[in-house]
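Engineer: If you scroll down you'll find the structure; I have some questions about it.
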Amino acid sequence: MRQFAPNNLAAMFIFVTGVAGSGKSTLCAHLGSQGANAHDADEGISRHVRLSDGEPAAAPPRREQTPEWAAAHEYRFDLDRVRELARSDKDRTTFLLGAAYGDDDVIAIADRSFYLDLGEDQLLARLAARGPGGYGSELHEVESILAWHAGAAERYEALGAIRLDATLPPRELAARLLAATGA
């Protein structure tokens with residue numbers, strides 16, 4: 001299996017982000033299937049916390065994540081886990097794909113960052129395709145995602161992230177990401 005490490009460079013820690021529905025999990029799965037050291041932030045690297053005290057909070061079932069619950073909690077990167085992941089494999093490039101509060105700090109830790117960019121129409125179509133119960137199926141979630149999407153590309157570019165066209169097929173998107181990182 002091919003090992004993804006930059007040619008003639010030290011291995012890097014790469015962060016890929018984008019709004020909900022931009023294809024982060026799909027791209028992560030594709031990278032992983034190709035042998036890349038790719039990690040989905042939703043799998044133990046991000047967590048819900050209470051806004052009142054910053055402590056971790058178990059998320060209730062999706063149907064119970066009301067606007068009131070969402071107003072009292074946020075989904076945040078566990079920066080200790082991010083730092084641990086960034087140091088975990090110095091022989092191979094490591095990819096972290098995800099979105100949560102604290103992403104400014106993740107960008108600061110990463111060697112390179114990328115933003116999966118897509119238009120509002122494509123975003124809404126992807127959210128609708130998730131069906132009932134998926135994140136983005138409730139009106140308050142869609143409103144939150146669209147508010148985030150409104151200025152996200154410019155915000156991430158200002159933080160140094162490179163835009164990638166999230167409408168590309170996963171194989172082509174992965175190839176562009178790998179080419180941009182030298183992997």
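The values are calculated or read from the model by the stated rules, or taken from the named source; none is laboratory data. All figures in this text were calculated on a predicted structure; none of them were measured in a lab. In this analysis, Cβ positions are derived from the backbone assuming ideal geometry, glycine residues included, and neighbour counts consider all displayed protein chains.
Engineer: Can you name the residue in region 138-183 that is in contact with a Ser or Thr (Cβ under 8 Å, 6 or more places away or on another chain) and within 15 Å of GLY23 (Cα to Cα) and, of all such residues, is modelled with the highest pLDDT?
Structural biologist: ALA166
Engineer: So, one more: State all residues of region 125-183 that are in contact (Cβ under 8 Å) with a residue 40 or more places away in the chain, closer than 27 Å to THR94 by Cα and part of a loop (DSSP other than H, G, I, E, B); if no residue qualifies, say none.
Structural biologist: TYR135, LEU159, GLY160, ALA161, ALA166, THR167, GLY182, ALA183
Engineer: While we're looking at this one, here's another question. Taking region 52-77 only, how many residues are exposed (fewer than 12 other Cβ atoms within 10 Å of the Cβ) and assigned to a loop (DSSP other than H, G, I, E, B)?
Structural biologist: 6
Engineer: Can you confirm whether region 102-110 contains a residue that is under 25 Å from ALA179 (Cα atoms), touching a residue at least 60 places away in the same chain (Cβ under 8 Å) and either acidic (Asp, Glu) or assigned to a loop (DSSP other than H, G, I, E, B) (or both)? I'd like the intermediate steps shown before the answer.
Structural biologist: Looking only at region 102-110, we keep the residues that are under 25 Å from ALA179 (Cα atoms), and these are 103-110.
If we keep only those that are touching a residue at least 60 places away in the same chain (Cβ under 8 Å) as well, we get 103, 106-107, 109-110.
Subset that is either acidic (Asp, Glu) or assigned to a loop (DSSP other than H, G, I, E, B) (or both): 103, 110.
Yes, the conditions are met somewhere in region 102-110.
Engineer: Out of the residues in region 90-101 that are surrounded by 14 or more Cβ atoms within 10 Å (Cβ to Cβ) and touching a residue at least 60 places away in the same chain (Cβ under 8 Å), state the one that is farthest from MET12 (Cα to Cα).
Structural biologist: Initially, region 90-101 is screened for residues surrounded by 14 or more Cβ atoms within 10 Å (Cβ to Cβ), giving 92-100.
Then keep just the ones that are touching a residue at least 60 places away in the same chain (Cβ under 8 Å); that gives 92-99.
Numbers: ARG92: 7, THR93: 5, THR94: 6, PHE95: 8, LEU96: 11, LEU97: 14, GLY98: 17, ALA99: 19 Å.
Checked region 90-101; the qualifying residue farthest from MET12 (Cα to Cα) is ALA99.
Engineer: Please identify the pairs in which a residue from region 45-69 that is within 17 Å of TYR135 (Cα to Cα) has its Cβ atom under 6 Å from the Cβ atom of a residue that is among the acidic types (Asp, Glu) and surrounded by 12 or more Cβ atoms within 10 Å (Cβ to Cβ), counting only partners at least 6 apart or on another chain.
Structural biologist: Here the result reads ARG47/ASP78, each pair linking region 45-69 to a residue that is among the acidic types (Asp, Glu) and surrounded by 12 or more Cβ atoms within 10 Å (Cβ to Cβ).
Engineer: Out of the residues in region 113-129 that are touching a Gly at 6+ places or on another chain (Cβ under 8 Å) and not aliphatic (A, V, I, L, M), state the one that is surrounded by the fewest Cβ atoms within 10 Å (Cβ to Cβ).
Structural biologist: Across region 113-129, the extreme among qualifying residues is ARG126.
Engineer: Follow-up. Where residues in region 17-31 are of a type in the set (A, V, I, L, M, F, W, C) and over 11 Å from ALA166 (Cα atoms), which of them is surrounded by the fewest Cβ atoms within 10 Å (Cβ to Cβ)?
Structural biologist: Going residue by residue through region 17-31, those that are of a type in the set (A, V, I, L, M, F, W, C) are 19-20, 27-29, 31.
Adding the requirement that they be over 11 Å from ALA166 (Cα atoms) leaves 20, 28-29, 31.
Details: ALA20: 21, CYS28: 24, ALA29: 14, LEU31: 25.
Restricting to residues being of a type in the set (A, V, I, L, M, F, W, C) and over 11 Å from ALA166 (Cα atoms), the top hit is ALA29.
Engineer: Do we have any residue at all in region 81-94 that's touching a His at 6+ places or on another chain (Cβ under 8 Å) and closer than 16 Å to LYS24 by Cβ?
Structural biologist: Step one: list which residues in region 81-94 are touching a His at 6+ places or on another chain (Cβ under 8 Å), which gives 85, 94.
With the extra rule that they be closer than 16 Å to LYS24 by Cβ, the set shrinks to 85, 94.
The answer is yes; a qualifying residue exists.
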